[in-house]
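Colleague: Here it is: the structure, laid out below.
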């Protein structure tokens, strides 16, 4: 089975064996990529089921790997005890913001929500990194908030889509239950042409093989820990959720295409 915690552990071991160095977003923002080293930035979007994030963080800690965990300020993600434990394990905590969608496109209200939610998360861990939550069924793109406001005014040093040197990097995301899936609506940098390496992977085994070859110098691997359970029951649950979500995205895309043509 693909997208299991044991498969994720194989991916990490392949990267370690290939000589990759792991960075958090905060480390990159501070020092950039270390000279002469192949690097991976591990990004985890905690959309829901945060207990699976804690198990993933423990696997990483055991292997001596650091990652950045972006938490939503929603009941299904925001669990202070889990956030504190992941932070204590040596990982970075970031803010998975979605305030423009919550404010229904009102930029001033969204900016106020962003600052309030950021303060809540900062009660648990230092926060200098943020990443937009895609919300594929929302009419707004949460990144558009930065057309009118500047996250740096609130002590944020890096936004996951805006501030990485994408022209130098490959990007892999498990959104859509396939690496760089066709059903990824928003979870990608804008205006960036994917590298051939990014487009060559669909399964985790393919990604593991690509990483094991060590030919990619810099990459960001973005995953959703809820998608990587350790049990068969958990795998079946998220498999059917992903199937339904992808079907809904397909229907929404058809509706939008027909509406645009009309």
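Colleague: Go through segment 128-160 and give me each residue that's within 19 Å of the chain's Cα centre (by Cα) and closer than 19 Å to residue 30 by Cβ.
Modeller: Within segment 128-160, 128, 129, 130, 131, 151, 156, 157, 158, 159, 160 qualify.
Colleague: So residue 126 fits all but one of (1) surrounded by 19 or more Cβ atoms within 10 Å (Cβ to Cβ); (2) in a loop (DSSP other than H, G, I, E, B); what number is the exception?
Modeller: (1)
Colleague: Filtering segment 216-245 down to residues that are crowded, with 16+ Cβ neighbours inside 10 Å and over 22 Å from residue 10 (Cα atoms), which residue is modelled with the lowest pLDDT?
Modeller: 242
Colleague: I would also like to ask the following. Output the number of residues of segment 159-205 satisfying the condition of being part of a loop (DSSP other than H, G, I, E, B), modelled with pLDDT under 75 and buried (at least 21 other Cβ atoms within 10 Å of the Cβ).
Modeller: 1
Colleague: Could you please find all residues in segment 80-122 being free of Cβ contacts under 8 Å to residues at least 60 places away in the same chain, buried (at least 16 other Cβ atoms within 10 Å of the Cβ) and in a loop (DSSP other than H, G, I, E, B)?
Modeller: 89, 98, 103, listed by residue number.
Colleague: I've got another one for you. Just to verify a result, which residue in segment 210-231, among those that are part of a helix (DSSP H, G or I) and touching a residue at least 60 places away in the same chain (Cβ under 8 Å), is farthest from residue 50 (Cα to Cα)?
Modeller: Just the residues of segment 210-231 that are part of a helix (DSSP H, G or I), to begin with: 210-213, 225-227.
Filter again for touching a residue at least 60 places away in the same chain (Cβ under 8 Å), leaving 211-213, 225-227.
Numbers: 211: 27, 212: 29, 213: 32, 225: 8, 226: 7, 227: 11 Å.
Looking at the filtered set, the residue picked out is 213.
The values are calculated or read from the model by the stated rules, or taken from the named source; none is laboratory data. Just so you know, these numbers come straight off a predicted model, no measurement behind them. For neighbour counting, all protein chains shown are included, and Cβ atoms are generated from backbone atoms with ideal geometry for every residue, glycine included.
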